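Student: The structure that follows is given in the form of structure tokens.
The values are calculated or read from the model by the stated rules, or taken from the named source; none is laboratory data. On a predicted model such as this, the values are computed, not experimentally measured, just so you know. Positions of Cβ are backbone-derived with ideal geometry, glycine not excepted, and every protein chain shown enters the neighbour counts. For accessibility, only protein heavy atoms count, side chains too; no ligands or nucleic acids. Shrake-Rupley method; radii C 1.70, N 1.55, O 1.52, S 1.80 Å.
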Amino acid sequence: MSVTAAKGFTAAGVAAGIKESGGPDLALVVNEGPRLAAAGVFTANRVKAAPVLWSQQVLKGGQVSAVVLNSGGANACTGPGGFQDTHATAEKAAEVLGHSAGEIAVASTGLIGVRLPMEQLLAGIGKAAGELSAHGGEKAAIAIKTTDTVHKTAVVEGEGFTVGGMAKGAGMLAPGLATMLAVLTTDADVDAAGLDAALRGAARQTFDRVDSDGCMSTNDTVLLLASGASGVTPDAEAFAAAVREVCADLARQLVGDAEGASKDIRIEVVNAASEDDAVEVGRTIARNNLLKCALHGEDPNWGRVLSAIGTTGAAFDPDRLNVAINGVWVCKNGSVGDDRDLVDMRYREIRITADLSAGTESAVIWTNDLTADYVHENSAYSS
């Protein structure tokens with residue numbers, strides 16, 4: 001049930017007429033309380049969509065009673081009019097729900113630079129409000145899809161509390177703090193500060209380490225809402241672990257549905273001098289298009305891994321670098337290692353281990369291969 005798995009939440013997903021296809025394109029998630037605590041993380045892109053700017057303001061109050069999400073249009077780079085459209089969206093939701101507009105978060109996804117069809121969107125909010133249900137989580141998850149081939153949900157049961165979530169994303173996956181759109185909900189009794197700490201820690205280790213195509217969205221939004229309906233205030237570490245597990249599950253689903261991908265690539269950087277070094281190296285490897293093409297062709301071209309590492313500012317000695325692909329150490333001490341023909345690359349998941357031999361820190365970055373299908377998808381996206 002994703003965002004409605006936790007007590008105190010209802011949701012709906014409807015076809016409002018925003019998408020030309022006529023498919024589901026508007027979701028509404030409502031926190032029925034008694035607590036309305038919330039936290040959020042957003043894109044680090046300096047070009048931010050109107051709903052991001054609006055929702056950042058809302059989150060300063062630490063309370064969110066509802067979230068309106070639409071696919072079929074990003075409402076990004078649409079000027080003052082676009083921000084007014086977001087404001088009108090929140091006002092409409094507030095009107096039909098009997099809430100305050102200052103507690104309504106808004107998120108949008110789709111093509112940049114196009115105004116939303118507000119007549120359809122506003123009518124859709126009313127329609128969604130009429131279909132709110134404690135079993136509406138799946139329909140909400142379906143309504144936020146764009147190029148996604150599947151909807152993405154996750155649920156984790158804690159000691160007396162639940163964390164659920166939904167996400168969308170298949171392209172423009174190279175986040176800073178968040179990735180595409182995600183809404184997480186919990187019935188734990190946790191205040192806004194506790195939610196913020198748990199969400200930021202989880203996003204840093206999960207969503208922020210998905211790097212599918214090196215392109216950061218203008219709309220990335222992850223929200224965590226708490227209803228307190230379970231009456232349980234969990235230990236901070238246990239709560240953070242549950243949030244992290246849901247985020248990790250959703251992040252892995254995003255990689256698995258990346259546009260055109262035929263391989264899911266797990267890059268683990270080990271023995272780095274710092275975690276920042278490990279993340280930088282992993283992200284650089286993930287963004288190496290020559291390597292991604294080689295992996296699509298099932299070619300264990302470890303030289304491209306070393307070339308990528310060499311462009312970073314991380315601490316390492318080139319003569320102490322080691323690289324394994326699917327468990328075979330094809331590069332040892334910066335030179336030829338085990339026979340590359342031993343690497344079995346027939347399966348969907350490919351595991352790359354980059355050993356910097358410079359410390360004790362590590363990090364995992366997920367990416368995917370670069371395919372002709374990806375090029376086709378993104379050459380025709382706006383049409």
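Student: Which of the residues belonging to segment 16-43 are crowded, with 19+ Cβ neighbours inside 10 Å and assigned to a loop (DSSP other than H, G, I, E, B)? Give the steps one after another, and end with the answer.
Tutor: Residues of segment 16-43 crowded, with 19+ Cβ neighbours inside 10 Å: 16, 18-19, 24-31, 35-43.
Listed by number, the residues that qualify are ALA16, ILE18, LYS19, PRO24, ASP25, ARG35, LEU36, THR43.
Student: It is to be established whether one or more residues within segment 284-300 are open to solvent by less than 60 Å² (accessible area, probe 1.4 Å) and touching a Cys at 6+ places or on another chain (Cβ under 6 Å).
Tutor: Among the residues of segment 284-300, not one is open to solvent by less than 60 Å² (accessible area, probe 1.4 Å) and touching a Cys at 6+ places or on another chain (Cβ under 6 Å), which makes the answer no.
Student: If you don't mind, another one. Restricted to segment 346-383, and to residues that are without any contact (Cβ under 8 Å) to a residue 60 or more places away in the chain and part of a loop (DSSP other than H, G, I, E, B), which residue is surrounded by the most Cβ atoms within 10 Å (Cβ to Cβ)? Please lay out each step first, then the result.
Tutor: Keep residues of segment 346-383 that are without any contact (Cβ under 8 Å) to a residue 60 or more places away in the chain, which gives 346-347, 379-380, 383.
Narrowing further to those that are part of a loop (DSSP other than H, G, I, E, B): 346-347, 380, 383.
Values: ARG346: 6, TYR347: 10, ALA380: 8, SER383: 4.
Here the residue is TYR347.
Student: On the given criteria, is PRO34 of a type outside the set (A, V, I, L, M) and over 20 Å from GLY136 (Cα atoms)?
Tutor: When the stated conditions are applied, PRO34 does not pass them.
Student: Can TYR347 be described as under 17 Å from SER262 (Cβ atoms) and more than 24 Å from the chain's Cα centre (by Cα)?
Tutor: It is true that TYR347 is under 17 Å from SER262 (Cβ atoms) and more than 24 Å from the chain's Cα centre (by Cα).
Student: Are any residues in segment 316-344 touching a residue at least 24 places away in the same chain (Cβ under 8 Å), in a helix (DSSP H, G or I) and exposed (fewer than 15 other Cβ atoms within 10 Å of the Cβ), and if so, which ones?
Tutor: ARG320
Student: Of all residues in segment 274-303, how many are out of contact with any strand residue (DSSP E or B) (no Cβ under 7 Å at 6 or more places or on another chain) and part of a loop (DSSP other than H, G, I, E, B)?
Tutor: So the answer is 6.
Student: Quick one: is GLY313 closer than 25 Å to VAL255 by Cβ and surrounded by fewer than 16 Cβ atoms within 10 Å (Cβ to Cβ)?
Tutor: No.
Student: Taking GLU268, is it among the acidic types (Asp, Glu), within 21 Å of the chain's Cα centre (by Cα) and either open to solvent by less than 10 Å² (accessible area, probe 1.4 Å) or over 29 Å from GLY310 (Cβ atoms) (or both)?
Tutor: So GLU268 fails the test.
Student: Give ARG287, ARG346, ARG351, ARG340 a once-over and let me know the one that is among the basic types (Lys, Arg) and within 18 Å of ASP213 (Cβ to Cβ).
Tutor: Residue meeting the stated conditions: ARG287.
Student: Out of curiosity, is ALA261 open to solvent by 10 Å² or more (accessible area, probe 1.4 Å), touching a Lys or Arg at 6+ places or on another chain (Cβ under 7 Å) and not in a helix (DSSP H, G or I)?
Tutor: It is false that ALA261 is open to solvent by 10 Å² or more (accessible area, probe 1.4 Å), touching a Lys or Arg at 6+ places or on another chain (Cβ under 7 Å) and not in a helix (DSSP H, G or I).
Student: Return the residue satisfying two criteria in turn: it lies in segment 229-247 and is under 20 Å from THR153 (Cβ atoms) and either in contact with a helix residue (DSSP H, G or I) (Cβ under 6 Å, 6 or more places away or on another chain) or aliphatic (A, V, I, L, M) (or both), and of such residues it is surrounded by the most Cβ atoms within 10 Å (Cβ to Cβ). Steps first, answer last, please.
Tutor: Taking segment 229-247 as the starting set, the residues that turn out to be under 20 Å from THR153 (Cβ atoms) are 229-230, 239, 241-247.
With either in contact with a helix residue (DSSP H, G or I) (Cβ under 6 Å, 6 or more places away or on another chain) or aliphatic (A, V, I, L, M) (or both) added as a condition, the list becomes 229, 239, 241-244, 246-247.
On the way: ALA229: 21, PHE239: 24, ALA241: 17, ALA242: 24, VAL243: 29, ARG244: 20, VAL246: 28, CYS247: 31.
Checked segment 229-247; the qualifying residue surrounded by the most Cβ atoms within 10 Å (Cβ to Cβ) is CYS247.
Student: Let me ask something additional. Does segment 81-97 contain at least one residue that is over 21 Å from the mean Cα position of the chain (by Cα), buried (at least 17 other Cβ atoms within 10 Å of the Cβ), in contact (Cβ under 8 Å) with a residue 60 or more places away in the chain and within 26 Å of LEU111 (Cα to Cα)?
Tutor: Within segment 81-97, one or more residues are over 21 Å from the mean Cα position of the chain (by Cα), buried (at least 17 other Cβ atoms within 10 Å of the Cβ), in contact (Cβ under 8 Å) with a residue 60 or more places away in the chain and within 26 Å of LEU111 (Cα to Cα).
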